[in-house]
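Working notes, structure below.
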Amino acid sequence: MSNVNKPFGIGIIGCGLIGQKRAKALGSGGKLVACADIDLGRAENLAKNAKAKAFGDWQALLALQEVDIVVIATLHDSLAEITLAAIEAGKHVLVEKPAARSAVELEPVMAAAKKYGKKVHVGFNHRYHRSLRKAKEIVDSGELGELMFVRARYGHGARIGYDKEWRSDPALSGGGELIDQGPHLIDLSRWFLGDFTEVQGFAHTYYWDMPVDDNGFMILKTAKQQVAFLHASCTEWKNLFSMEIYGKLGKLDLSGLGGSYGLERLTYYKMLPEMGPPETTAWEYPMGDDSWALEMAEFYDDIRLNREPAAGLRDAYEALKVVKTIYKESGYDNCA
């Protein structure tokens with residue numbers, strides 16, 4: 001793009017719930033110019049308000065010169081394929097997590113992004129929630145001291161017929177709950193602690209009649225023996241997000257993501273020199289979720305400033321490596 005003030009032309013592939021959320025969060029930096037979905041009616045519905053073009057075939061969208069950035073919000077089985085094709089078509093890409101069904105599937109995508117010099121952001125939108133941004137600010141300031149471990153849980157109650165949906169088919173999803181909500185937990189933990197050098201875990205199907213896991217348990221260690229103790233579940237029965245970050249000088253307790261996950265809240269427990277009851281500060285975020293808009297705005301800046309996206313292909317690759325290791329340990333040969 002020659003004119004830095006001109007909005008980027010955005011093409012959205014996959015016009016379901018997430019594609020619609022992305023369209024609403026484009027902001028002034030982007031203009032929806034094309035939509036594609038295997039259900040042409042869905043693409044037309046999303047396109048009509050923006051007077052954008054609609055296609056039933058994503059290849060036709062990639063051929064449009066006016067598309068600068070492609071947002072890919074399809075099922076897991078086509079994420080890597082479409083991302084690779086978009087890069088080769090000269091587009092920058094925002095692809096939803098997990099970005100592929102396996103780490104191996106992501107390798108040609110990473111090679112192509114490097115070869116063609118295109119930016120690829122992976123949709124780890126949880127990093128952009130208000131409570132997580134504030135937590136990162138506190139951790140980066142050094143107030144918590146050296147981090148020791150993270151303990152986090154993420155789960156939902158599923159719904160009638162969940163075991164018949166696309167997520168229960170390993171050919172489409174690459175696995176179950178571990179590859180669905182698990183990557184958010186892995187990514188957030190890596191964001192705070194750094195790379196994991198040891199991976200232990202267990203994935204299992206307890207409740208749902210499906211060939212993929214409904215619970216994933218993880219113990220991930222860094223080279224400094226910092227630990228992330230994580231649990232992703234779709235037998236939670238009441239939607240839950242909880243993350244605790246423990247430093248040598250205090251801890252952060254995050255809960256909720258808004259909506260059905262409950263009020264988003266961050267509590268900071270600051271250890272006193274004499275120890276005992278800590279000094280406590282809490283922040284609540286009852287306002288709407290602005291994570292999607294912030295994430296998109298940052299990606300526009302990444303492209304304009306020619307910098308690497310903060311949440312990129314390597315982050316997805318590292319999360320998928322963890323998933324693969326645990327599936328292998330747990331006997332899920334059909335997953336990841």
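What percentage of all Cα-Cα pairs in the chain are separated by more than 26 Å? Considering the chain, 50 percent of its Cα-Cα pairs are separated by more than 26 Å. Between LYS224 and LEU263, the modelled labels are 3.4 nm apart [label points 7 Å from Cα along Cα→Cβ]. Summed over all non-identical Cα pairs, the Kirkwood treatment of segment 209-322 gives a radius of 17.7 Å. Counting only residues at least eight positions apart within a chain, or on another chain, the lysines with an alpha carbon under 22 Å from that of LYS24 are LYS6, LYS48, LYS51, LYS53, LYS91, LYS97, LYS119. Measuring only protein heavy atoms, the 1.4 Å probe finds TRP166 accessible over about 70 Å². Length gained on full extension, ARG133 to TRP283: 52.8 nm, using 0.36 nm per residue less the C-alpha separation.
Could you tell me the relative contact order of the chain? Use alpha-carbon pairs under 8 Å, at least six residues apart, and round to a whole percent. Across the chain, relative contact order equals 18 percent. THR267 sits with roughly 20 Å² accessible to a 1.4 Å probe, with DNA, RNA and ligands left out of the calculation.
If you take the Cα centroid of segment 139-153 and the Cα centroid of segment 291-314, the two points sit 24 Å apart. With the simple spin-label model, which puts each label point 7 Å out from Cα in the Cβ direction, the LYS24 to TRP166 separation comes to 2.0 nm. Listed peptides 76-83, 247-254 appear in the order 76-83, 247-254 once ranked by packing, highest mean of other Cβ atoms within 10 Å at the front. If you plug the beta carbon distance of ARG307 and GLU198 into 1/(1 + (r/R0)^6) with R0 = 35 Å, you get a FRET efficiency near 0.70.
Taking 19 Å as the limit for the C-alpha separation, the pairs LYS221/LYS324; LYS134/LYS251; LYS21/LYS164 exceed it in the case of LYS21/LYS164.
The values are calculated or read from the model by the stated rules, or taken from the named source; none is laboratory data. The shown structure was predicted, so the numbers you read here are calculated from the model rather than taken from an experiment. Positions of Cβ are backbone-derived with ideal geometry, glycine not excepted, and every protein chain shown enters the neighbour counts. Side chains included, ligands, DNA and RNA excluded: accessible areas come from the protein's heavy atoms. Shrake-Rupley method; radii C 1.70, N 1.55, O 1.52, S 1.80 Å.
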